[in-house]
Amino acid sequence: MSSHPSPKETQAKMQELINKYVELSKQDPENEPSWQCLSKSGATKIYRKEEEKDGVLLDYLVATTTVEGVTAGEMAEVFHNGKLKLEWDHTIEADKKLETLDDYCAVYHQILKRVWPTAQRDVVYASHKQKMESPGESPSWIVCNVSCDHPSVPEGTSGYTRATIEVVLFCQTVCDKPDPTRKDLRCKIVYSASVNPGGWAPSAAVRAVSQREYPKFLKKISTFAIDHVKKSEIMY
């Protein structure tokens, strides 16, 4: 029997994640003792972030980067849109919407391409996409993808090993000009992905893979987004 939450239970967790990453986006990692820089590659930096929860000290990986010529809304759309995702994320074999929960959130079943000799993976997750607007602050968007159960694809019946995820992409448009062109725009990104591939995997190995894959992922999505929007009207 699966221990994953239902889509409705997952929705309740979304606001906690939104609040957490909006707050993280306001912090300066270089001057916060709870952030430890692990690696730098161009504009991309990978940090270990520590926090205390219910008396327990937890740590997780967070990546930050800046992308030129793209807005937060455009980056969030490239990350969230299923059809676009298949164009730039070549680890995905299929991505199907199972249910719309509300104006912001829907449930998806994603099948990942098999990496031989391991078993093929799938994941069922709720995806929440929302524009964040605060007086005096630049427009920002957040996308949260969190594993859940769904009755149409119960775990153990699809023929795949079920992976679980908790992924957050926070984007904020940075621009000082009132009537900007593309060259005046920048998108600040805060990204974190906790992925359990299913089956048995040492936590140290999962962390090592994550630290290696974060920069590759951000470079891939940034390159695609820049090319995708360069001839389009600016969308905030």
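The values are calculated or read from the model by the stated rules, or taken from the named source; none is laboratory data. For clarity, every value in this text was computed on a predicted model and none was experimentally measured. Reconstructed Cβ throughout: ideal geometry from the backbone, glycine too, with neighbour counts over all protein chains shown. Keep in mind that these areas ignore ligands, DNA and RNA; they rest on the heavy atoms of the full protein, side chains included. Shrake-Rupley method; radii C 1.70, N 1.55, O 1.52, S 1.80 Å.
Here is how the numbers come out for the structure above:
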{"quantity": "Global geometry of region 1-113, whether rounded, prolate or oblate, following the gyration tensor of its Cα atoms and the 1.5 cut on a/c", "calculated": "oblate"}
{"quantity": "Ratio of Rg to Rh over the chain (Cα coordinates, Kirkwood Rh, two decimals)", "calculated": "0.95"}
{"quantity": "1.4 Å probe accessible area per residue over the chain, in Å²", "calculated": "55"}
{"quantity": "Accessible area in the full protein assembly, largest first, 1.4 Å probe, for Asp149, Asp179, Asp103", "calculated": "Asp103, Asp179, Asp149"}
{"quantity": "Angle between the chain longest axis and helix 7-26 axis [Cα atoms, degrees, rounded to 10]", "calculated": "30"}
{"quantity": "Of Lys20/Lys49; Lys83/Lys216; Lys45/Lys220; Lys8/Lys188, pairs whose Cα-Cα distance is over 24 Å", "calculated": "Lys8/Lys188"}
{"quantity": "Sequence of Arg114, Arg121 from largest to smallest accessible area, 1.4 Å probe", "calculated": "Arg114, Arg121"}
{"quantity": "Sequence-separation-based contact order of the chain, relative, with Cα cut under 8 Å and 6+ spacing, percent", "calculated": "23"}
{"quantity": "The chain: most fluctuating residue of Ser25, Ser152, Ser127 per GNM, C-alpha cutoff 10 Å", "calculated": "Ser152"}
{"quantity": "Nearest-10 value in Å² for the accessible area of Glu93, using the 1.4 Å probe", "calculated": "100"}
{"quantity": "Those aspartates and glutamates that a straight Cα-Cα span of less than 16 Å connects to Lys53, excepting residues fewer than 8 apart in one chain", "calculated": "Glu16, Glu23"}
{"quantity": "Lys8 - accessible surface, heavy atoms, 1.4 Å probe, Å² rounded to 10", "calculated": "130"}
{"quantity": "Pairwise centroid distance, computed over Cα atoms, of region 1-60 with region 139-169, Å", "calculated": "18"}
{"quantity": "Carbon plus sulfur fraction of accessible area for the chain, probe 1.4 Å, in percent", "calculated": "51"}
{"quantity": "Val56 accessible area, 1.4 Å probe, all protein chains in place, Å² to nearest 10", "calculated": "80"}
{"quantity": "Antiparallel bridges, percent of DSSP beta bridges restricted to the chain (to nearest 5)", "calculated": "95"}
{"quantity": "Shape call, region 56-116: gyration tensor on alpha carbons, a/c limit 1.5", "calculated": "rounded"}
{"quantity": "Under 5 Å, built H, 5+ apart or other chain: amide partners of Gln120", "calculated": "Thr161"}
{"quantity": "Charge context of Thr164, other residues only, Cβ under 15 angstrom, K/R +1, D/E -1", "calculated": "-2"}
